[in-house]
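Inspection log for the structure reproduced underneath, given as structure tokens.
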Amino acid sequence: MRWVLLCWALGAGATQALSAQDRAAALRLVQAYPAHLGGVEGDELIWKDGTRMPLRRANAPTYVSLLNAPGLLNQLDTRYPACAPLRTPARNEDPGRVRYEPLFRKMYGGTPQEVQRHLVAVNWFGQRLLVTQVNGAAASLRQVAGDLARRPHLLPYARPSAGTFLWRKVARTPRLSVHAFGAAIDLNTAQSNYWQWEGYAEGQAGIRYRNRMPAELVHLFERRGWIWGGRWYHHDTMHFEYRPELTQACGPLTPSAGR
Ligand SMILES: [Zn+2]
């Protein structure tokens, strides 16, 4: 037994090959964040500054423990249905909600001051929103605003925004919100549904799905690299966050989607 443990301890630090599927998922991540990520070696993600991050799965016995402390491969297990028709998610189907926080902290900043250094103003129909320019998030949100301006019937859902940057944890959790990185936007709360406002607890069965946001608006955001909290069982239909690694299935923009 002691010998087995010793072998395990010695092996734990060694680089191992990933499965073909995990390697492909890691390479999609590299492709989505080319300013930061350089490649994949063995079971490590290689950053352009030479940093190495382990591509591992956490041993998480429950859904909540997975959300609170996932490995990077747990995040990459996500299949987000970008640009697909809207539907009611199954229990605990929250594509994009498992986030490996060290990845986001390193890209966008690990403190409010670091994040703030990268924030720029985005004009959101007369409202001044602060959004990170890291990974082109602010530029992408300006394009979404342009897309929406050409579709005035969608504006009542989009404005006023309920906020972008705010250094905070996800309500009642130890996890930083993507709002803390300046890479998320909340739309008009008067047109939104949020599971926490409806009195449910994390992971509980029987959360009743509700949504009023039109698919046309959701797809506009997804085409620009933003995922939607309305695709989550723990629905948050005002919430979009910049996650270009999950929206590649939308394909290239068509002229009708705006340029
Ligand atoms: Zn939000």
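Only one entry in L119, L141, L154 is within 14 Å of the ligand (Cβ to nearest atom) and among the aliphatic types (A, V, I, L, M), namely L141. Here G230 fulfils each of the conditions (1) within 16 Å of the ligand (Cβ to nearest atom); (2) surrounded by fewer than 15 Cβ atoms within 10 Å (Cβ to Cβ); (3) not in a loop (DSSP other than H, G, I, E, B) apart from (2).
Of the residues in the stretch 234-244, none is open to solvent by 10 Å² or more (accessible area, probe 1.4 Å), part of a helix (DSSP H, G or I), closer than 19 Å to V98 by Cα and within 16 Å of the ligand (Cβ to nearest atom). Considering the stretch 176-190, the residues that are surrounded by 15 or more Cβ atoms within 10 Å (Cβ to Cβ) and over 26 Å from P102 (Cα atoms) include one that is farthest from the ligand (Cβ to nearest atom), namely N188. Checked against the criteria, N193 does not count as surrounded by 15 or more Cβ atoms within 10 Å (Cβ to Cβ), over 19 Å from the mean Cα position of the chain (by Cα), more than 12 Å from the ligand (Cβ to nearest atom) and among the polar types (S, T, N, Q).
Only one of the numbered conditions (1) at pLDDT below 90; (2) not in a loop (DSSP other than H, G, I, E, B) is not met by L217, and that is (1). The set of residues from the stretch 90-110 being open to solvent by less than 40 Å² (accessible area, probe 1.4 Å) and either closer than 21 Å to A138 by Cβ or β-branched (V, I, T) (or both) comprises G96, V98, R99, L103, F104, M107, Y108, G109, G110. Checking the stretch 161-169 against the condition returns no match, with no residue being of a type outside the set (F, W, Y), in contact (Cβ under 8 Å) with a residue 40 or more places away in the chain and more than 13 Å from the ligand (Cβ to nearest atom).
Every residue in the stretch 111-149 that is open to solvent by less than 20 Å² (accessible area, probe 1.4 Å), part of a helix (DSSP H, G or I) and over 21 Å from A215 (Cβ atoms), please. Listed by number, the residues that qualify are V115, V134, A137, A138. Can you pull out every residue in the stretch 150-175 that is open to solvent by less than 40 Å² (accessible area, probe 1.4 Å) and either over 21 Å from the mean Cα position of the chain (by Cα) or at pLDDT 95 or above (or both)? Scanning the stretch 150-175 gives R151, L154, L155, A158, S161, G163, T164.
The values are calculated or read from the model by the stated rules, or taken from the named source; none is laboratory data. Source: prediction; values computed, not measured. Ideal geometry is used to build each Cβ from the backbone, glycine not excepted, and the neighbour counts take in all protein chains shown. Accessible surface areas use protein heavy atoms only, side chains included; no ligands, DNA or RNA. Shrake-Rupley method; radii C 1.70, N 1.55, O 1.52, S 1.80 Å.
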